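The values are calculated or read from the model by the stated rules, or taken from the named source; none is laboratory data. Remember, predicted model here, so these are calculated numbers, not experimental data. Every residue, glycine as well, gets a Cβ built from its backbone with ideal geometry; the counts of neighbours run over all protein chains shown. Areas reflect the complete protein model, heavy atoms only, side chains present, ligands, DNA and RNA absent. Shrake-Rupley method; radii C 1.70, N 1.55, O 1.52, S 1.80 Å.
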Amino acid sequence: MNAYDSMVAQKLNALKSKRDVIVLAIETSCDETAAAVVKNGRQVLSSIVYSQIPIHQKYGGVVPEIASRNHVQKLTPTVEQALADAGLTFSDIDAVAVTAYPGLVGALLTGVSYAKGLAYSLSLPLIGVDHIMGHVAANYLSHEELAPPFTALVASGGHSHIFAVNDYLDFELLGSTRDDAAGEAFDKIARVLGLAYPGGPELEKLAAKGDPGAFVFPMGFNSGKGLDFSFSGLKTAVINILHTAKQRGELINEADIAASFQAAVVSVLTQKAIMAVKQQNSRVLALAGGVSANKTLVSSLENAAREAGISFVCPEWKYCGDNAAMIGCAGYYSLLAGQADGLDLNATARRDRSR
C-alpha cells in the first residue's frame, strides 16, 4: 500500500464517526460542467452548473470534442465558485466524488482527471460515481424522507432504465431501452420538426398546442409484458408520416405530431414503470433523469401511481438535468459504506447492464 492509499484508508475509517461529512462533487459526463458541495449526503451547500447549450446549438447537438475542450476551460473556475458559494476552502473537504461512467468518454475524462489530481494533492478519498445512480440520488435531495427500497424510472437523453433500488448502493436492473433512450427520441423528432436544440423542451412546448390523440402510432414491442422498451419504431413511424406528407405536398399539423408522439412515449414509460412497481410489490415510484422535467410525464406517473395506491416522487426541476449535487449525494453513500476508488480510476463510456 502506497502513502496515498494508506492515508485514504485512515480517513475513510475516521469519516465513520465524523459528525459532518463534506463532499466536493464534479460532473462532466456530457455538455454541463458542474461542481457542488454537499453536506451529509442531503444538504446542498452549493451547486454550480455551466451549460454549453449556446455553444452546441448551431450544430444541432453536442459535439464531443468541443464539449471536452470547454470542460477543461471551465472546470477549475466552476469548482472554485462552488467552494466560494459554500463558504468553504479545499481544506474543509472530506472527499471528492466524480462521475466516472457512463457518458461521453472525453468529457468524463476531464472530470475524472481533475478529481484524481485534486484527491491526490489533498490526500482525500476519491469516489467514482455511476451517473445513473446519481440521477436516482437527486430524489434524496428533494425528499428528505425518501429511503430505499423503491422502484426508479430513469429517463434522460442517453439512458432509459427501470431499477429496483434495494439499498443506496444496491441497484437491480429490471428493464431498459433496447435502442433509443426516451430523451434521445424526443431530440431526434424535434430535429426532424426543425425545432431548436435542445429538442426535448421545445417539443414539449409544441406538443402543448396539439392534440395527443390526432395520430395513433404502432406500439409493437412496447405492448409486451416485459419491462424493456423500444422507441426506434415509434421514431421511424413519425418520420415516415412527416416525409410522406412532404413528398405529397400535404400540410400536416406539427403540433399534433408532437403531442401524439409525446403521448406515446409517456404512455410506454408510465405503463412499464407501474408494471415494475407491481412486480416488485413496491410502495414508492421515483422518477429521475432529464426527461423528469417533462410535465406531461410527471402528471401521467402521478396519476398512475395514485390509482395504484403508491407514492410518487421526482426531483425538483434544478436537479432533473445533469448536476454535481446528485453526484455528491451518491458519493456520500459510498463513503458511508467505506468504499473509495484508487488513482487507477478511469472513465467508461457505457454502463454494463448487469450493474
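Quick rundown of the values:
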item	result
Förster-model FRET efficiency, 41 Å R0, Ser91 and Lys58, C-beta, rounded to 0.05	0.45
Using θ = phi - 60° and Karplus 6.51 cos²θ - 1.76 cosθ + 1.60, couplings along segment 95-100 (whole Hz; Gly, Pro as x)	6, 10, 10, 8, 5, 10
Backbone HN-Hα couplings from phi across segment 314-325 [Karplus 6.51/-1.76/1.60, Hz, Gly and Pro as x]	8, x, 4, 3, 5, 10, 6, x, 5, 7, 8, 4
Rounded accessible area per residue of the chain, 1.4 Å, Å²	43 Å²
FRET efficiency, 1/(1 + (r/R0)^6) with R0 22 Å, evaluated for Ala337 and Asn281 via beta carbons	0.30
Dipole-positive endmost among Val129, Pro148, Ala207 within the chain (Cβ charges, Cα centre)	Ala207
Cα-derived Rg over Rh, computed across segment 1-131 with Rh taken as Kirkwood radius	1.00
Sequence-separation-based contact order of segment 276-355, relative, with Cα cut under 8 Å and 6+ spacing, percent	27 percent
Cα radius of gyration and Dmax for segment 141-249 (Å)	17.0, 56
Debye intensity ratio in log₁₀ form over the Cα atoms of the chain, taken at each q of 0.07, 0.11, 0.13 Å⁻¹	-0.31, -0.73, -0.99
Span from the segment 6-76 Cα centroid across to the segment 169-198 one, whole angstrom	23 Å
Where labels lie 7 Å past Cα in the beta-carbon direction, separation of Ser6 and Leu173 in nm	4.0 nm
Net length gained if the chain between Glu65 and Ser121 were fully extended (0.36 nm per residue, minus Cα distance)	17.4 nm
Förster-model FRET efficiency, 45 Å R0, Ile239 and Asn346, C-beta, rounded to 0.05	0.75
Within-13-Å neighbourhood charge of Cys320 [Cβ basis; K, R +1; D, E -1]	-2
Nitroxide proxy distance, nm - points 7 Å out along Cα→Cβ at Leu251 and Lys205	2.3 nm
Packing-based order for 331-340, 35-44, using average beta carbon neighbours within 10 Å, highest first	35-44, 331-340
10 °C / 1.306 mPa s Stokes-Einstein diffusion coefficient of segment 277-353, Kirkwood radius on C-alpha pairs, µm²/s	105 µm²/s
Rg ratio (alpha-carbon, reference 2.2 N^0.38 Å) - segment 184-321	1.09
Segment 204-355, dipole about Cα centre (Lys/Arg Cβ +1, Asp/Glu Cβ -1), debye to the nearest 20	260 debye
The chain: most fluctuating residue of Ala86, Ala137, Ala245 per GNM, C-alpha cutoff 10 Å	Ala245
Quotient of Cα Rg and 2.2 N^0.38 Å for segment 92-191, N being how many residues it contains	1.25
Under 14 Å from Lys11, Cα to Cα: aspartates and glutamates that are on another chain or at least 8 residues apart	Asp20, Asp92, Asp94, Asp341
Other-chain or far-sequence residues with amide H under 5 Å of Gly175's (modelled H)	Ile162
Inter-centroid distance (Cα atoms) of segment 272-326 relative to segment 216-268, Å	23 Å
Rounded percent of accessible protein surface that carbon and sulfur make up, the chain, 1.4 Å probe	50 percent
